[in-house]
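The structure appears right after this line, and notes come after that.
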Amino acid sequence: MLNSILSGKKLILGSGSPRRSFFLKELGLDFETRLKETEEIYPERLKKKQISEYLALQKAEPFKEELKENEILITADTIVWHENDALGKPKSKEEAVQMLQSLSNKTHEVISSVALTSLQDQIVFSDLTRVTFKKLNEEEINYYVDNYKPFDKAGGYGIQEWIGYIGVTDIEGSYFNVMGFPVQKFYETLRQF
């Protein structure tokens, strides 16, 4: 359906995330994946969606010089906001375990931001979902980290994986947003873009 609205446009996904690629395919979109390295560093004064929006826009920067007239670039970033701190992707098993211990028996926020960039325009939008975990025990946390190696996931977990099945007791907002892509908001925004 979106392909007919986007007739003559070419979508470029500037992300190596298999989940984001999956969602675009499920929406029936034709797109090409292009990757450019960007450091996920942001000014410390930023909070919540300011961080993910800043990073989504930063990820678009290296592509700007090569975008063609008919292309729309999609870049995105997801953070876990917990106890007034942004949890990124864990760099080690120890860090992943610490993150899950801190999320255990508490509610946190997952914020995903998406930037749409063309030669004529650029917009960024965000979605926020609240996720509550049960009290996770040490054995559950270690089993998950050892078997699922969630080092490419903000907050050290994937809701669509084992830990989500056994640990998430409540979710308020978009499930897909927690997976790293606010699909419904993206659909509506892309239609208008």
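Take the range 76-116 and flag every residue that is polar (S, T, N, Q), more than 16 Å from Asp152 (Cα to Cα) and in contact with a strand residue (DSSP E or B) (Cβ under 8 Å, 6 or more places away or on another chain). Once the filter is applied, which keeps residues that are polar (S, T, N, Q), more than 16 Å from Asp152 (Cα to Cα) and in contact with a strand residue (DSSP E or B) (Cβ under 8 Å, 6 or more places away or on another chain), the range 76-116 yields Ser102, Ser104, Asn105, Thr107, Ser113.
Please verify whether Phe181 is part of a loop (DSSP other than H, G, I, E, B) and surrounded by fewer than 21 Cβ atoms within 10 Å (Cβ to Cβ), treating the condition exactly as stated. Criteria not met by Phe181. Summed over the range 138-164, residues that are among the charged types (D, E, K, R), surrounded by 15 or more Cβ atoms within 10 Å (Cβ to Cβ) and outside any loop (DSSP other than H, G, I, E, B) total 1.
Residues being on the phi > 0 side of the Ramachandran plot and at pLDDT 95 or above are represented in the range 36-48 by at least one member.
For Lys9, state whether it is touching a strand residue (DSSP E or B) at 6+ places or on another chain (Cβ under 8 Å) and farther than 21 Å from Phe176 by Cβ. Spell out the reasoning first.
Details: touching a strand residue (DSSP E or B) at 6+ places or on another chain (Cβ under 8 Å): yes; farther than 21 Å from Phe176 by Cβ: yes.
It is true that Lys9 is touching a strand residue (DSSP E or B) at 6+ places or on another chain (Cβ under 8 Å) and farther than 21 Å from Phe176 by Cβ.
All of Ser126, Ser118 fail the test of being more than 20 Å from Met179 (Cβ to Cβ), touching an Asp or Glu at 6+ places or on another chain (Cβ under 7 Å) and not hydrophobic (A, V, I, L, M, F, W, C), apart from Ser118.
Where strands (runs of 3 or more DSSP E) sit wholly within the range 1-94, those with at least 1 residues that are surrounded by fewer than 19 Cβ atoms within 10 Å (Cβ to Cβ) and among the hydroxyl-bearing types (Ser, Thr, Tyr) occupy 31-33.
The values are calculated or read from the model by the stated rules, or taken from the named source; none is laboratory data. Since the model is a prediction, treat every value here as computed from it, not as a measurement. Neighbour counts run over all protein chains shown; Cβ positions are idealised from the backbone, glycine included.
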